[in-house]
Amino acid sequence: MEKEVKNIFLEKFHTSIVYGKRVGNIYTGSLYLSLLSLLENCDNLKAGDKIGMYSYGSGAVCEFFNLSLADGFKNHLRNDRLNDFDNRKQLSIEEYEAMFFEKIILDEEGNCDFSNSKFIQESDNAFVLEKVENHKRIYKKIK
């Protein structure tokens, strides 16, 4: 690979892992978090550019596909997402386990209300899952 091409590739690779380094492994979602990181952190992408996506999973299963950036894609991106990472609340092991093992109670229609959760009430995040109604996730704005 020519040095210039290699440098361009490495630059885009490093912008694609900015968010993943902050979030950690989210399995299948890691591929799409990398895509979001690339789109929001790489300054020289433009409509029509192609992006190769490769995912490898357990059981020796893999998939490769490519995307073409659409006109106006930049209108759907944020340039302040790293602030979200800086404003996260660190949970203790006990808090995480309490949230992870919290019993979810569904009503007769399969809906669930999370609005009384202490984790939602204490959240500094912009949006949190408040409840699930008729299999639709409903978020509420915090602060």
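The values are calculated or read from the model by the stated rules, or taken from the named source; none is laboratory data. Keep in mind it's a predicted model, so treat the numbers as computed, not measured. A quick note on method: Cβ atoms are made from the backbone with ideal geometry, for glycine too, and the neighbour counts reach across all protein chains shown. For the accessible areas, the whole protein counts, side chains as well, though only heavy atoms, and no ligand, DNA or RNA atoms are used. Shrake-Rupley method; radii C 1.70, N 1.55, O 1.52, S 1.80 Å.
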Point to revise | Selection status of Ser123, under 26 Å from Lys21 (Cβ atoms), modelled with pLDDT under 80, open to solvent by 60 Å² or more (accessible area, probe 1.4 Å) and more than 17 Å from the chain's Cα centre (by Cα) | key: no
Exercise for review: State which residue is surrounded by the most Cβ atoms within 10 Å (Cβ to Cβ) when the search covers only region 76-98 and only residues that are closer than 30 Å to Lys46 by Cα and of a type in the set (Lys, Arg).
Suggested key: Arg81
Review point. What is the one condition in (1) more than 18 Å from Ile8 (Cα to Cα); (2) outside any strand (DSSP E or B) that Asp43 does not satisfy?
Key: (1)
Review point. For Lys50, are the conditions met, namely being open to solvent by 80 Å² or more (accessible area, probe 1.4 Å) and closer than 24 Å to Lys89 by Cα?
Key: no
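Every residue, every condition in (1) modelled with pLDDT under 85; (2) farther than 22 Å from Phe9 by Cβ; (3) among the charged types (D, E, K, R), yes or no:
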| position | (1), (2), (3) |
| --- | --- |
| Asn83 | no, yes, no |
| Arg88 | yes, yes, yes |
| Leu91 | yes, yes, no |
| Tyr96 | yes, yes, no |
| Lys103 | yes, yes, yes |
| Asp107 | yes, yes, yes |
Exercise for review: Output yes when any residue across region 28-45 is more than 12 Å from the chain's Cα centre (by Cα) and either surrounded by fewer than 14 Cβ atoms within 10 Å (Cβ to Cβ) or on the phi > 0 side of the Ramachandran plot (or both), and no when none is.
Suggested key: yes
Check your understanding: Mind checking which pairs have a first residue in region 4-15 that is open to solvent by 80 Å² or more (accessible area, probe 1.4 Å) and a second that is not in a helix (DSSP H, G or I), Cβ under 9 Å, 6 or more apart or different chains?
Key -> Phe9/Met1; Glu11/Cys42; Glu11/Asn44
